[in-house]
Amino acid sequence: NFRHEFKHAARALEPGYWNAFWLMPDDVGAPQHGKGAMDDTLHNGTEIDIFEYMQCFGNVTQNALHWNGYEAMHKISTFHALVPGFSQEQWHVFGLDWRPDGYTFYVDGRRVSETTNAPSQVHERILLSVEIGKWAHNIADAKLPQQVMFAWVRVWQKR
C-alpha cells in the first residue's frame, strides 16, 4: 500500500492550460499491438491521474485512470470533486491511497472517490505537469504570464 500526497496552489489558470499530479508506469501496454494482455494491469500498469485541473472546470478537479493503452482498447474511469474556492489562490492537498485492490482519492483530507478499477501492480513514476492543449481551450485567449506552484510531494508505504 502506498500513500501519495502533494500540496498545490494556483491562480485561476488561463484558457489552454491544465496542470496535473499523476503516476505513470513504464508501459501502460497496448494489447492491440501484442505488448500485453487485455486488462493486464498486473504487468502493464495504469496511468493514475491523482489530480487534473483546467479553468473550464471552475471549482471542480478530476481524477482519472487510463489502461489498455491509448488506442482502440483504451479504457478510462473518471471522477470529479468539487473544491469550493479552488480557482482562488489557495493551497490544497491532493492524495491517493493506492492498494493492491484499488484506489481512494482525497482532497484536503476528504475522501472524494474510490474505485477497484484497474489496480496497478507495477512501479510508477510521479509526474507534476503543466500542459498546454486544445482540451483546455485556446491558449491564444490566455493572459500571460501564468504561474502554478507545487509546495511538496510526499510518498510513503504502509506496512
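The values are calculated or read from the model by the stated rules, or taken from the named source; none is laboratory data. Treat the numbers as computed from the prediction; the structure is a model and nothing was measured. Neighbour counts run over all protein chains shown; Cβ positions are idealised from the backbone, glycine included. For the accessible areas, the whole protein counts, side chains as well, though only heavy atoms, and no ligand, DNA or RNA atoms are used. Shrake-Rupley method; radii C 1.70, N 1.55, O 1.52, S 1.80 Å.
Side notes on the structure shown:
- Condition met for residue 136 (touching a helix residue (DSSP H, G or I) at 6+ places or on another chain (Cβ under 9 Å), of a type in the set (Gly, Ala, Ser) and touching a residue at least 60 places away in the same chain (Cβ under 8 Å)): yes
- All of (1) farther than 22 Å from residue 136 by Cα; (2) modelled with pLDDT of 80 or more; (3) in contact with a His (Cβ under 6 Å, 6 or more places away or on another chain) hold for residue 36 with one exception: (2).
- Selected residue (only one of 30, 10 is closer than 18 Å to residue 127 by Cβ and at pLDDT below 75): 10
- Test for residue 132: is it of a type outside the set (Gly, Ala, Ser) and over 25 Å from residue 43 (Cα atoms): yes
- Residues in segment 88-125 that are open to solvent by 60 Å² or more (accessible area, probe 1.4 Å), at pLDDT 95 or above and part of a strand (DSSP E or B): 111, 114.
- Tally, over segment 75-87, of residues that are outside any strand (DSSP E or B) and either closer than 23 Å to residue 159 by Cα or open to solvent by 50 Å² or more (accessible area, probe 1.4 Å) (or both): 1
- Scanning segment 130-154 for residues that are surrounded by 13 or more Cβ atoms within 10 Å (Cβ to Cβ) and either of a type outside the set (A, V, I, L, M) or in contact with a Lys or Arg (Cβ under 7 Å, 6 or more places away or on another chain) (or both) returns 131, 137, 146, 150.
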